[in-house]
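These notes are about the structure you will find just below.
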Amino acid sequence: YGVNESSTPALIRSLVETKKYEEALAKVNLLLKDKPDEISYNGLLAEVYTAKGDNQKAREVYSKLVERNPDDPQILMALCGFLIDEKSYEDLLPLLNSVFINDRVSRENKISIVAQLIEDSDLVKEHGDQLILTTMVLEAAYKGDPIIQLLRPEILVQSGKPEEAAEKLEEIIKNQPDNYYAWEKLLLVYLQIENFDMLVKRGEECSSKFNRSFLAKVLYASGAIEKGKFTIAEEELRKAEILAGDDNDLKMQVLTMRADLYYKKKEYDKAFAVFDEAVKMNRDDITVLNNYAYYLAEQNIRLKEAEAMAKEVISKADNNTTFLDTYAWVLYKRGKLKDAALIMEKIISSGEKADAEWYEHYGYILKAQKKCQQAIEKWEIALSIDSSKTHLIQEIKDCAK
């Protein structure tokens, strides 16, 4: 029946979905024959070319659209989407400056673009500094906006600059003390970089200021546990458990932290009782099973049960180096040295950033195999990664005799 404005665009998209690109192009061209300057029809033409894989023609269509309608929000957003999909960052980033100062593009769309870009690890890795400068244009356009203020710290975190992110977040909460999301992100960054002094300091303020925040309480408790402030941690976990209500996921988080707290207090029976409660609540939580198995191995008790738990964990996540390390450690405690050594080799050759704990554990396994020289080599690597492991100095001396 020819073409009409109401039904043909939907038909064209259906043809694209079924990969009937030539039919779709024919329909678009019929629309454009009557209205060659219609923005939506030209946009459809670019969509068809993109779906067909003819990106150069799609780019030409978008370029003409922008040239004729430089401020049209629909065209600008469509072009941004196209360039993001193409990973054409050199063209995209300068365009964003025009988008961010354009009052016709909604604030929500602008935030959405940046959020999408932050998830693109290639972009952040290669063009993080330029993306930050572009985001500053958005900040200038929306001075003091509590959400837009958080975009730059997020880029810094994704760029591997968490300390700079913390500085920016400190600046934000100084100027916007009621910006809860900035407080929350700040605590998470301090946890990430293991700055437990600041996590405790800011955690106390945040937990008090936002008294109904579950996350603020557990993050404050995390810092308190690491700093040995066990009374504070217990109280914060008590409050967090109340806030968790009937949410089993949140309750599991509290139980896991409480078990860790008791273990670090050397109240092992209490710790394992809490682990039992957590496993009973959710046997599928492999992090809980992993921690439980590791702590049992550390205490040299119920090792057969610990091995079963660790084996169950890696059956569900066999490429997770943390879980593999636990399994190897349990096997070592069980006297299964050859299997433990093979797993440690797999971990070390995984390509992940080296962890001192791996080399420490592997050293003990090699020592048990009477391979002292190799054990010393592994412990020396562990010390080079983490100089605080001073107990290994004596292990090296003993093994060298």
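Using a 1.4 Å probe and counting only protein heavy atoms, arrange 152, 302 so the residue with the most accessible area comes first.
Numbers: 152 45, 302 90 Å².
Greatest to least solvent exposure: 302, 152.
Would you work out what percent of the accessible area of the range 98-219, with all protein chains in place, is carbon or sulfur (probe 1.4 Å)?
Values: 2830 of 6040 Å².
The C+S portion of the solvent-accessible surface of the range 98-219 is 47 percent.
Do any chymotrypsin sites (Phe, Trp or Tyr not before Pro) in the range 1-97 lie in a DSSP loop with no more than 13 other beta carbon atoms within 10 Å, and if so, which? Each step should come with its number before you reach the end.
Working: sites: 1, 21, 41, 49, 62, 82, 89; in loops: 1.
Sites meeting the loop and neighbour criteria: 1.
What value does the chain have for Rg/Rh, both radii from Cα atoms and Rh as Kirkwood defines it? Numbers along the way, then the final one.
Details: Rg = 28.2 Å, Rh = 25.7 Å.
Ratio value, two decimals: 1.10.
What does the accessible area of residue 372 come to, in Å² to the nearest 10, when a probe of 1.4 Å is used?
Roll a 1.4 Å probe over it and residue 372 shows about 40 Å².
Starting from the residue with the highest accessible area, list 50, 18, 321 in decreasing order, probe 1.4 Å.
Working: 50 50, 18 85, 321 10 Å².
Result, largest first: 18, 50, 321.
With the full set of protein chains in place, find how many percent of the accessible area of the range 1-95 is carbon and sulfur; take the probe as 1.4 Å.
Values: 2710 of 5450 Å².
About 50 percent, which is the carbon plus sulfur part of the accessible surface.
Given a 1.4 Å probe and heavy atoms of the protein chains only, how would you sort 258, 212, 59, largest accessible area at the top?
Working: 258 40, 212 190, 59 65 Å².
Final ranking, largest accessible area leading: 212, 59, 258.
Tell me, what HN-Hα J-couplings in whole Hz come from the Karplus equation 6.51 cos²θ - 1.76 cosθ + 1.60 at θ = phi - 60° for each residue of the range 53-62, using x for Gly and Pro?
x, 8, 5, 5, 5, 4, 4, 4, 4, 4
Measure off, as a whole percent, the carbon and sulfur share of the 1.4 Å-probe accessible area of the range 342-401, all protein chains present.
Details: 1740 of 3470 Å².
With neighbouring chains kept in place, the figure for the range 342-401 is 50 percent.
Measuring with a 1.4 Å probe in the full set of protein chains, what accessible area per residue, in whole Å², belongs to the chain? Please report the intermediate quantities before stating the final value.
On the way: 20930 Å² over 401 residues.
On a per-residue basis, 52 Å².
Mind listing the lone cysteines of the chain, meaning no other Cys beta-carbon sits under 4.7 Å from theirs?
Among the cysteines of the chain, those whose Cβ sits 4.7 Å or more from every other are 80, 206.
Residue by residue through the range 180-191, which ³J(HN,Hα) values in whole Hz follow from phi under the Karplus form 6.51 cos²θ - 1.76 cosθ + 1.60 (θ = phi - 60°), with glycine and proline marked x?
Going residue by residue, I get 4, 5, 5, 4, 4, 5, 4, 4, 5, 5, 4, 5 Hz, with x marking Gly and Pro.
Rounded to a whole number, what is D in µm²/s for the range 165-250 from Stokes-Einstein with the Kirkwood radius over alpha-carbon pairs (20 °C, 1.002 mPa s)? Intermediate values should be presented prior to the final figure.
Values: Rh = 12.8 Å.
Approximately 167 µm²/s, per Stokes-Einstein.
Once phi is turned into ³J(HN,Hα) by the Karplus curve 6.51 cos²θ - 1.76 cosθ + 1.60 with θ = phi - 60°, what whole-Hz value does each residue of the range 278-287 show in order, with x for glycine and proline?
So the J values, rounded to whole Hz, are 5, 5, 5, 6, 8, 5, 7, 7, 6, 5.
Report, to one decimal in Å, the Kirkwood hydrodynamic radius for the range 1-85 based on all distinct Cα pairs. If you can, show how the numbers build up before the last one.
Working: mean 1/r = 0.0775 Å⁻¹.
About 12.9 Å, per the Kirkwood formula over Cα pairs.
If you filter the range 171-218 for GluC sites (Glu not before Pro), then keep DSSP loop positions with at most 11 other Cβ within 10 Å, what is left? All intermediate terms of the calculation are to be shown ahead of the outcome.
Values: sites: 171, 184, 194, 204, 205; in loops: 194.
Sites meeting the loop and neighbour criteria: 194.
At a Cα cut-off below 30 Å, give the lysines reachable from residue 338, other chains included and same-chain residues fewer than 8 away excluded.
Filter leaves 304, 311, 316, 346, 353, 367, 370, 371, 378, 389, 397, 401.
The values are calculated or read from the model by the stated rules, or taken from the named source; none is laboratory data. Since the structure is predicted, the reported quantities are computational estimates derived from the model, not experimental observations. Ideal geometry is used to build each Cβ from the backbone, glycine not excepted, and the neighbour counts take in all protein chains shown. Calculation scope for accessible area: heavy atoms of the full protein, side chains included, ligands and nucleic acids excluded. Shrake-Rupley method; radii C 1.70, N 1.55, O 1.52, S 1.80 Å.
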